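Quick note: the coordinates plus some simple rules give every number you see, no bench work behind them. Since the structure is predicted, the reported quantities are computational estimates derived from the model, not experimental observations. In this analysis, Cβ positions are derived from the backbone assuming ideal geometry, glycine residues included, and neighbour counts consider all displayed protein chains.
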């Protein structure tokens, strides 16, 4: 499994730095957060570093009045539901996006996709219309990736997930870019059905020979390796590690105003405010929270060198880079050569995290809303469902799903 | 339809020793000795059966052209006192039907693997011909004296490339409760294909391994059987049929309730079982 960088607010420097360190990688550009000039500038830098770029057109809510989104030249000047889909507007949108993808040197063409409140015939018809127009205009220039954007309710419905899978059989695309709102807007989803369905959709698409990129992911999506997902994409702030559709509307308030610095303890699958590292030090369990040398990150090493952690200048920038580097290493190591090995390794990761969390909590060290304790059983439940429903076929075709 | 054996002997003078061996919803089946072909099966379709369905059964067998399906030797229509009766004379397979064998207990591992291999071979051939059997079950599998398996009775087979003979408005489709998958008994026609036969064969294989069909065992009525098929996944086979667990996986993949979770084609199933049997030096 690969990890892509999901661009959000203030991520340009992080992207260039990390892609350089990783000696390559992919970045999903965000027109919501970058103007046209920034898109081009960042794309150029990434490609110079042997990285790839993709463009998320973020056409989830076409009525959106988000200032920067609607400032992009591809964004329709006005959107009237009936006219857009029956006239030439769709063709203009795809054509403009195709040009932009070409200008940016995108590796694949992420097609626009509407947020599905329900998977109904309207949504399916529009997906098909987008794909048909894109195929007509594409002339084999790009691999086409269909955006499947799901509301929490539609993702929670097994029936709707299977309707998407049925539709997918007819879509002439190389893969899907799957984004889904978390139930109740939680950062880490506490809804096992939601997670099980996302994995079911991803595994089903993979078994149909499609590439699957799960966008707006956090470390909770390490489980996606068990569904042989091609890549997950994560970023800095919570709103690029989960998918809040409302952020594509003008009214959304960026969380940058509520900033705090969190340390990602990868072996506990949890994040902690640095003040809790002080407690850990006082209680003699700080070493338990220290990432191993092969964790892929040196950014947080200063926290474990002796002085009280809060006395150290552990910047927000370092915290983000630590999170992304560590997650990158975890993602890269998540898929093994067989389905069973991958599942067993993930189960062991959860078991290990559970033991560490128990030890830390006993010492009063808590991750608050970013603690993975309550998520462990959610992920175990979703994994059990995946193994029951898709296990036999994933086990058989694992080698073909690379 | 009551048939007098003397009358039959007159109508089919080339067949001696005619004896009834089965009676179903669509036909009465006899065995007898043909003066040229030896022991044969004679099927007489009830007069209320749509002749098109009888013709489709014959066509299905001919189109599949599998060595594991009894050959059609002759087809005709005869005038009976109660109307015209369509008949089919076909190859007789000496042996025993799987239901009888199962009544004595579970099958041995090699017999299960061979059954899976040979019936999947037929289903792969049927899939290639665009035909779905729709009634795979122990009663329709015959095991001959050499232990080889034959798939019988294509009476409700569906030609996917031809117009359906089952009314689309029917709430329930054809098939046998406890073996037919949800899409079949719910009569969701666009969803019925080789995967429906894979489901039924998977349940049959489970029954061979475990000695019972959990969808049917101790069910109060047909409604409960259908409810179980729709809501309770078939559990994994508990016996160790072969070392790798691949056979257990194959049966699970064949019997998932949701179509998208199921093995996608009979050809894939046949390839899979061939690999398993090859490792076990079988077949």
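With the simple model of a label 7 Å out from the Cα in the direction of the Cβ, residue B:50 to residue B:267 spans 2.9 nm. Once the chain from residue A:344 to residue A:136 is taken as fully extended at 0.36 nm per residue, the excess over their C-alpha distance is 70.5 nm. Taking the square roots of five times each eigenvalue of the Cα gyration tensor of segment A:125-253, the equivalent ellipsoid has semi-axes of 24, 17, 14 Å, listed largest first. How far, in degrees from 0 to 90, does helix A:316-332 lean away from the longest principal axis of the Cα atoms of chain A, to the nearest 10? The angle comes out near 80 degrees. May I ask for the distance between the Cα centers of segment A:16-44 and segment B:52-109, given as a whole number of Å? Going from one Cα centre to the other spans 67 Å.
Between the helical axis of B:266-279 and the dominant principal axis of chain B, each derived from Cα atoms, what acute angle in degrees is found, rounded to the nearest 10? The angle comes out near 70 degrees. Here the translational diffusion coefficient of the protein assembly as shown follows from Stokes-Einstein with Rh set to the Kirkwood radius across Cα pairs; for 4 °C and 1.567 mPa s it amounts to 45 µm²/s. Within chain A, the proportion of C-alpha pairs whose separation exceeds 31 Å stands at 36%. Here segment A:15-54 yields Rg over Rh of 0.95, to two decimals, using C-alpha coordinates and the Kirkwood radius. When the convex hull of its Cα atoms is viewed from all sides, segment A:265-343 shows a mean projected area of 5.5 nm². Using a Förster radius of 35 Å, what is the FRET efficiency between residue A:275 and residue A:158 based on their Cβ-Cβ separation? Nearest 0.05, please. After rounding, the FRET efficiency stands at 0.25. In the elastic network of chain A, a GNM with C-alpha springs shorter than 10 Å, the most mobile of A:211, A:77, A:347 is A:77. When the Gaussian network model of chain A links Cα atoms closer than 10 Å, the mean-square fluctuations of A:280, A:348, A:192 top out at A:348.
Computed over the protein assembly as shown, the per-residue total of -39500 (n - 2.57) for DSSP H runs of n ≥ 4 gives a 222 nm mean residue ellipticity of -12500 deg cm²/dmol, rounded to 500. Remark on segment A:1-101: Rg and Dmax equal 15.0, 48 Å (Cα only). Short-range pairs are left out: with C-alpha atoms under 8 Å and at least six residues apart, the relative contact order of chain B is 16 percent. Peptide A:201-212 shows a mean partner chain C-beta count of 1 within 10 Å per residue C-beta. Diffusion coefficient (Stokes-Einstein, Kirkwood radius over C-alpha pairs, 25 °C, 0.890 mPa s) for segment B:145-264: 160 µm²/s, rounded to a whole number. So how far, in whole Å, is the C-alpha centre of segment B:229-283 from the one of segment B:176-211? First find each Cα centre; the distance between them is then 13 Å.
Applying 1/(1 + (r/R0)^6) with R0 = 30 Å to the Cβ-Cβ distance of residue B:239 and residue B:23 gives a FRET efficiency near 0.30. Against chain A, whose longest principal axis is taken from its Cα atoms, helix A:373-397 shows a tilt of about 50°.
Between A:150, A:222, A:18, the residue with the greatest mean-square fluctuation in the GNM of chain A (Cα pairs under 10 Å linked by springs) is A:18. Of the two radii for segment A:272-402, the radius of gyration is 1.04 times the Kirkwood radius, both from the alpha carbons; that is the Rg over Rh value.
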